[in-house]
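Contents: one structure, followed by commentary.
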Amino acid sequence: MIRSVVRGVGSALPKRVLTNHEMESMVDTTGEWIVQRTGIRQRYIAGEGETTASLGEAAARAALANAGMQPGDIDLIVLATSTPDNTFPASAVNIQNRLGIHRGAAFDIQAVCSGFVFAMATADAYIRGGMARRALVIGAETFSRILDWNDRTTCVLFGDGAGAVVLEAGEGQGTVGDRGILTAHLRSDGAHKDKLYVDGGPSTTGKAGVVHMEGREVFKHAVGMITDVIYDAFKATGTEAGDIDWLVPHQANIRIIEGSARKLGIPMDKVVVTVDRHGNTSAASIPLALAEAVGDGRVKRGDLVLLEAMGGGFTWGSVLLRW
Ligand code: UT7
């Protein structure tokens, strides 16, 4: 059977770092509160000329180099973002053009913080269905541009960045020993749509709007939803927590990450954590963390890697893959 195998991974961050210390002079907060409640110590903020498409392009180029491939090898680009450069065309098309690719298909996916998991599942379905052979799956965000910088309950949490993987169709035996994506599980429930949302959009206000979040409400649901959809992945593949080499979670809050790992019985030394340095980069956080853990040699060929995310919508999902 066809499996979508990861051939390369890459990431890109804006130049500017914004520390908690600097945050103290911007809103009524303390570095201590931010670290204690979230684990975040700093985040990266896009400057002039840095956009979702430019960061996504840089991450894509890094992933292609890591895979030993050229842009022309790619026939599908799936970009997960909630902060596109323009309302349309899709920023995926912008990235496609920046890479000099003029074949195949490119489109955006919008599932907020779960976007990368949704994009991986989508690209996997295209590859297994024979509609694409080599896909760039990108998560890229510039949340700093949709934050209310006077709202201390949201502006301290988010950051900008991008990450990407190259997926290629490979041959598998249909067992959990195969390389590539083994299973993917996606969920949404719009009943929660007002707990984390942006108060604008083309069809309502004609403006981009800013992020609003009932943090405590999101927090309350997070661990249960994340672990539910991970149990789905275990059930579908006959695997269990003890089989996982690396958990690469969406990076929203260290307390959510630790709570999920504890509930699953996965020790923290098998969990990739970047939230301290990146903050919550929404759809970019998983591929940013993956690129780091592959780059420093933690994630190795043959490892069983579990991705999970939960975010606005609510949306949530998991992807289990063998590196
Ligand atoms: O990416 C996926 C979606 N997002 C998430 O997963 C985020 C989920 N939520 C969270 O991570 C947490 O709920 C937060 C980090 C957002 C907040 O942590 P919390 O422990 O739930 O705090 P809280 O909202 O219950 O607020 C506690 C107190 C409040 O003061 P009172 O009402 O107790 O007097 C807040 O007003 O902390 C106050 N507060 C702050 N204080 C200093 C809120 N923001 C700040 C701040 N600095 N930046």
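Bear in mind that the values in this text are calculations on the coordinates, not laboratory data. Predicted model, so just to flag it, every value in this text is computed and none were measured. Ideal geometry is used to build each Cβ from the backbone, glycine not excepted, and the neighbour counts take in all protein chains shown.
Quick notes on this one:
- Between region 90-114 and region 11-30, the Cα center-to-center distance that results, in Å: 29 Å
- Lys pairs, region 180-322 - Cα-Cα below 25 angstrom, 8 or more residues apart or on other chains: 12
- Over the residues of the chain, the helix contribution to mean residue ellipticity at 222 nm works out to -9500 deg cm²/dmol, using -39500 (n - 2.57) for each DSSP H run of at least 4.
- Dipole of the chain, positive direction: furthest Cα of ALA309, THR30, ILE244, with charges on the beta-carbon: ILE244
- Each of the GluC sites (Glu not before Pro) that DSSP puts in a loop and that has at most 13 other Cβ atoms within 10 Å breaks the chain; the longest unbroken stretch is 49-239.
- Exposure proxy ranking, count of Cβ atoms within 10 Å, fewest first, for ARG41, ARG216, ARG3: ARG216, ARG41, ARG3
- Listed from fewest to most Cβ neighbours within 10 Å, the set PHE143, PHE234 follows the order PHE234, PHE143.
- Charge dipole of region 183-288 about the Cα centre (unit charges at C-beta), most positive-ward option of PHE219, ALA208, SER260: ALA208
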